[in-house]
Amino acid sequence: MMRSSEKSHEENRLKAVDSFRFLEDETPPIFTDAVQVVADLFQARIAFVCLIGSDRKNLLSHVGMASNSVPLKGSFCEHAIRDSAPLCVSNALEDERFRDNPHVTGAPQLRFYLGAPLITRDGFNIGTLSVAATEPRSVSQQERDSLMALARLLVHQMEELKDKRDKETEARRLQTLLDDVTNVMTEGLAVFDTEDRLVFFNKRYQEFYDPGGTTIRLGRNFKDMLVDGLHSGEYAISAGGEADWLKDRLAHHETTPDQPFEQQLADGRWLLVSERRLPGGGTLGIRTDISTLKEKEQTLQENEQKFRDYTQTASDWIWETDPQNRMTLLAGNHRHLSGIDKKDVLGKTRNEVATEDVTSAKWRKLDARIARQEPFKDFTYRLYDSDGIEQAISISGVPAYDNDGRFLGYRGTGRNITDAVKANERLQEAEMRIRAALNNTLVGMVMIDASGKILEFNREAERMFQYDTDEVIGQNVKLLMPKDHADHHDHYLKRYLEEGKAYIIGKARRVMGRRKDGSLFPLTLGIGRIDLPGGTQFIGSLTDLSEQEKLENQLQRAQKLEAIGQLTGGIAHDFNNILGIILGNLELGLRRAEPDSKLYAYFDKSHQAAERAAKITQQLLSFSRQKDFYSDNISCDLNRAIEDVEALLRGSLTKGIDLHVKPSLAPLIAHVDAGDLQDVIINLAVNARDAMHKSGKLEIRLEKTQIDKDAPPDLARIPAGSYGVISVSDNGPGIPEEIRARIFEPFFTTKPQGRGTGLGLAMVYGFARRSRGEIKVYSELGVGTVFRIFIPLFEGGRTPSSQPKPDEIVPRGSEHILVVDDEAELASYAQGTLEDLGYRVSTSSTPVDALEIVQKQPTIDLVFSDVVMPGPMNGIELLQKVRSMRPGIGCLLASGFPGEILTKNGTDETELLIKPYDRQTLARAIRQTLDERRP
């Protein structure tokens, strides 16, 4: 391995070799002569001189060699450059270093080699002068010395050639540098010798006088070039007096006075001409383009005149103050424009004449800038004119200094902006009115430009699409559309702007909108075009059809059920008459037939079938009598009714059903038939059992609730008053949305043929209507189903009033609550209720957004979340993550399912609020959860 010193020496040697590489391209004849002399001297067939690099030797001249470049490794030359003395190999076959060399064992069968190193003046061996033969031989010391002397002679010649080449390279570099320096100068430069012949000029000089390159040439006489310039019209000032001009110009050139002079060219440019005598004789001429300076001088003169004219006619006036900020000058048409008389303001400060509060923030800011001697711009204030009318003016000023840097005060301009201020105030008022109208309208308003970029987005649009205005301003309106419409919107807009054909402009149509969470909803869209000076804009008015279509669907279902009820009532009534005849005759037959006879058996089976048919007709009649309310003369203890039905259910349900029956703690009395109520409960329980495939959790709960004017949206159609709510809940597979809309239709069933009549839920629906109540269904796929029957309560010996009871005292608070619910209406109801109770409320429609809000807002004290949520995370998982982030935070869940139904999802009833909840229930649950928080 090569030591560091050896490595450094080798690197320097290779650099020395590289400095002689130019000889490989242009080998001088001396190398050819030297090689031939060596071959003749030693009477050898092979001789060469070479440069030796890192891995090859390149021959500068040779005889008897087949190639100009040979690998270095293992060669004779590799050893020859290691020493300062010649290397002599008399017989390569006897030398262990070379006996295996391919040039020894193969062609050309070398045996003899003698090589002298080429040593530079710096001591680097850069190559060899070598001779070789195919037969062994020995050489004398004199022959070695002769080869070494010839090698030194070659090195000397090589170094002289290198020095000469380096000097030429440096001279070319300096000349190029001089050319580059002079050619980038903005001044024209020319040198004339003692005979006034041009010996040097740069590009700029030629650009001034001879852009075409025809008259300015090296060696030409100064006078000849002037004459050519006169003939070509280059010197505009000489027109009509060329001879005198030429005489004066030559005299000036010969005397070269120190004072430069100006010269105008034919193209209008101005040059400053300077000429100096050189110490060694000759003249240096410098030309400076002063065209811009001349233009500025002219502009300055024009501006001075304009300024004088301006001060007399402009809408601005000029003012100056002294170092104490007292007005010292008012110039211009100030009295006409502002009504201000000089005597009213001269000698006074601006603060003394202003009619507004000069201690306000804007005045303090101005006083601070003036104290720091900083410029100010467009400062507006008010003062009285000479007639006592308040005027608004705007001033701008800069500090002024004398030549010694002493502060003189301020100078600037003023302008009367009274009309503009009043117009702007009217414009702002109009804009505020328009914006207030835009934000308070119950219609969503979205304004876009011709590219589809959103410019305006009102509050109703925020509610519809669940975006804040800041999130959508500047975004393309496609953000609010389903993908199939969004992909084509830009094309539609471009086609309309190009063709001008209005396919949808000015027409209302039903479309689908896309909310922030990706959900779609129906809306009515009307688009109008607005042509403004800055371009075309479009405004869209949007009406959310979600609730309207929901109500329409409910109305259609109600009308459908009513029509079915009327139809089935008529059929059942007629069918009952027929069944009465059949049953009567069958009973007569049974009394007359022998009990053990076949005839009796026939009559008995027929009688049983007819009784089943009669039961079905009773169910149909029960469904059809929705408007036949229960009499006020009958009453039912709801608690006792569900307690009585519990025994029946435990005997009929399978062991796999985990039944929980929870009566109310308070007595609840209603005007309903107890038997009908028990039939309803049994019917719902059996349906739940079948849905759970005879294995699961079933809960029957009775509780009291108060419906008032602030009821949540899903209970808004129920009249105000006190209600007993019977909930039948299961944790079965849930009811799909498309089936849920039809479950109360008579004869509709999802059970296998022969397993159900399809009349059970129709009968339940009829019971709810006859009790003047309501039935609600809440179901989530994979979670379960809850049926809730709202039954008006009989209190104080009177039937339930449609007027709500006075509000009970409910707990209040001031903490920060985060409401998380994907149902916008329920979230809005909870927010409004809690804010009315004094709480600060934030809302979120997804668990992901809720987590981000909790992270960013450490003031949140409680998270109130729905259980079943869209997306990858439900409410239970959300609160688990919230607790891990903030262990002391309050957590409350809301669900349409009781706690037992949700046990499999990992929650417990102590932190669960059952939907639907009223104001009092929500207030108590929130307050209790906040008070029970872990410290």
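The values are calculated or read from the model by the stated rules, or taken from the named source; none is laboratory data. No experiment lies behind these values; they were computed from the predicted model shown. Neighbour counts run over all protein chains shown; Cβ positions are idealised from the backbone, glycine included. Protein only, heavy atoms only, side chains kept; ligands, DNA and RNA dropped before computing areas. Shrake-Rupley method; radii C 1.70, N 1.55, O 1.52, S 1.80 Å.
Based on DSSP H runs of at least 4 residues, each adding -39500 (n - 2.57), what is the mean residue ellipticity at 222 nm of the chain after dividing by all its residues, to the nearest 500 deg cm²/dmol?
-13000 deg cm²/dmol
Restricting to lysines 8 or more places apart or on different chains, can you count the pairs in the range 405-512 with Cα atoms under 26 Å from each other?
So the count works out to 12.
Shape call for the chain from the C-alpha gyration tensor, a ≥ b ≥ c root eigenvalues: rounded (a/c under 1.5), prolate (a/b greater than b/c) or oblate?
Details: a/c = 3.71, a/b = 1.76, b/c = 2.11.
In terms of gyration-tensor shape, oblate.
Which entries of 203/223; 605/751; 697/776; 516/856; 342/377 show an alpha-carbon separation above 24 angstrom in the structure shown?
In this structure, 605/751 exceed 24 Å between Cα atoms.
So for 231, 253, what's the accessible-area order with a 1.4 Å probe, most first?
Ranked list, largest accessible area first: 231, 253.
What part of the accessible area of the chain, given as a whole %, is carbon or sulfur when the probe is 1.4 angstrom?
51
To the nearest 10 degrees, how steep is helix 29-41 against the longest Cα principal axis of the chain, on a 0 to 90 scale?
The angle comes out at about 70 degrees.
For 434, 395, what's the largest-to-smallest order of accessible area, 1.4 Å probe?
My answer, sorted largest first, is 434, 395.
At 1.4 Å probe radius, can you tell me the per residue accessible area of the range 636-792 in Å²?
Ligands and nucleic acids excluded, the result is 42 Å² per residue.
Once the Cα atoms of helix 4-19 and of the chain are each reduced to a long axis, what angle between those two axes, in degrees from 0 to 90 to the nearest 10, is obtained?
The answer is roughly 70 degrees.
Cβ neighbours within 10 Å, averaged per peptide: list 831-838, 164-171, 779-786 in order, most packed at the top.
779-786, 831-838, 164-171
Using a cut-off of 12 Å between alpha-carbon atoms, which aspartates and glutamates can reach residue 343, once sequence neighbours fewer than 8 places away in the same chain are excluded?
Cross-link targets: 385.
Give the angle, between 0 and 90 degrees and rounded to the nearest 10, that separates the Cα long axis of helix 222-231 from the longest principal axis of the Cα atoms of the chain.
It works out to around 50 degrees.
Just to be sure I understand: of the beta bridges DSSP finds with both ends in the chain, what percent are antiparallel, rounded to 5? Let's see the in-between values first.
Working: 130 of 154 bridges.
Rounded to the nearest five, the antiparallel share is 85 percent.
What pairs in 7/73; 57/162; 550/694 have C-alpha atoms more than 26 Å from each other?
Listed pairs above 26 Å: 550/694.
Rounded, prolate or oblate: which fits the range 43-167 when a ≥ b ≥ c are the square roots of the eigenvalues of the alpha-carbon gyration tensor, with rounded for a/c under 1.5 and prolate only if a/b beats b/c? Walk me through the intermediate numbers first.
Working: a/c = 1.93, a/b = 1.56, b/c = 1.24.
Prolate is the answer for the range 43-167, as a/c is 1.5 or above and a/b outweighs b/c.
Accessible area per residue, 1.4 Å probe, Å², for the range 185-295: what's the number?
Each residue of the range 185-295 exposes 54 Å² on average to a 1.4 Å probe.
Points 7 angstrom from Cα along the Cβ direction at residue 495 and residue 353: gap in nanometres?
6.6
Given axes a ≥ b ≥ c from the Cα gyration tensor, I'd like to know whether the range 816-932 is rounded (a/c under 1.5), prolate (a/b larger than b/c) or oblate.
It comes out rounded by the Cα gyration axes.
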